[in-house]
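To keep things clear, I will list the structure first and then write my remarks on it.
We did not get these values from a lab; they are worked out from the coordinates using the rules stated. Treat the numbers as computed from the prediction; the structure is a model and nothing was measured. Positions of Cβ are backbone-derived with ideal geometry, glycine not excepted, and every protein chain shown enters the neighbour counts.
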């Protein structure tokens with residue numbers, strides 16, 4: 001009996017049925033999931049820019065609005081300080097605070113006033129300037145001496161307030177007969193006057209006390225705050 005070679009079609013079918021050339025069934029059933037990679041930034045895509053320290057500090061936090069700086073208040077006009085030289089032509093006394101009984105003020109001229117009654121008023125050297133009424137402008141404290149004939153010499157402490165840089169009479173304090181003032185100073189709205197006086201029982205010519213008196217201004221009056229005494233020998 002002669003053998004017959006199988007046809008090419010039969011061989012092909014047999015190969016497919018027996019997974020010829022590899023495990024095609026496994027390959028056919030296996031599936032691979034591929035995750036796409038993240039896109040790489042390119043030069044054309046701008047990266048996020050973090051705020052700088054200066055930008056962060058300039059931005060208010062909490063939604064609040066920065067407070068506006070306070071507007072400075074205008075300063076009051078400055079008045080020139082009085083000088084003792086200005087007192088030489090100032091007025092002394094007033095109807096509210098008369099000097100030595102005169103009903104009206106008396107005008108000093110070059111530091112002197114001569115009355116029709118023969119009295120002479122002279123501005124003395126002890127003088128000082130400083131703020132006495134608390135308005136920030138320097139006032140003046142001076143001394144005058146009245147001679148009314150005879151041996152009497154009546155000393156008075158006088159205050160002139162600063163009125164636009166000019167002396168305006170304000171108050172006075174009589175110290176008495178033959179009680180010369182040796183010095184005047186102003187500090188802390190107080191006037192300090194050093195003057196000579198006498199103990200009780202002494203004659204008018206016997207000065208044996210150096211008194212230091214401190215005064216404050218109260219309207220048209222000088223009020224003594226206190227005083228200290230020290231022995232004095234001519």
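For residue 175, the conditions (1) under 37 Å from the mean Cα position of the chain (by Cα); (2) buried (at least 19 other Cβ atoms within 10 Å of the Cβ); (3) more than 22 Å from residue 107 (Cβ to Cβ) all hold with the exception of (1).
Please indicate, with yes or no, whether at least one residue in segment 152-168 is without any contact (Cβ under 8 Å) to a residue 60 or more places away in the chain, closer than 30 Å to residue 231 by Cβ and part of a loop (DSSP other than H, G, I, E, B). Checking segment 152-168: at least one residue is without any contact (Cβ under 8 Å) to a residue 60 or more places away in the chain, closer than 30 Å to residue 231 by Cβ and part of a loop (DSSP other than H, G, I, E, B). If you go through segment 185-198 one residue at a time, do you hit one that is touching a residue at least 24 places away in the same chain (Cβ under 8 Å), surrounded by fewer than 22 Cβ atoms within 10 Å (Cβ to Cβ) and not in a strand (DSSP E or B)? Within segment 185-198, one or more residues are touching a residue at least 24 places away in the same chain (Cβ under 8 Å), surrounded by fewer than 22 Cβ atoms within 10 Å (Cβ to Cβ) and not in a strand (DSSP E or B).
Evaluating residue 113 against the criteria (1) within 21 Å of residue 181 (Cβ to Cβ); (2) assigned to a loop (DSSP other than H, G, I, E, B) leaves one unmet condition, (2). If you filter segment 88-99 down to residues that are touching a strand residue (DSSP E or B) at 6+ places or on another chain (Cβ under 8 Å) and either touching a residue at least 60 places away in the same chain (Cβ under 8 Å) or part of a strand (DSSP E or B) (or both), you find that the one that is nearest to residue 152 (Cα to Cα) is 99. Out of 85, 128, 110, one residue alone is within 35 Å of the chain's Cα centre (by Cα) and more than 19 Å from residue 217 (Cβ to Cβ). It is 85.
Based on what the data block shows, is residue 145 at positive phi, surrounded by 15 or more Cβ atoms within 10 Å (Cβ to Cβ) and free of Cβ contacts under 8 Å to residues at least 40 places away in the same chain?
Values: at positive phi: no; surrounded by 15 or more Cβ atoms within 10 Å (Cβ to Cβ): yes; free of Cβ contacts under 8 Å to residues at least 40 places away in the same chain: yes.
No.
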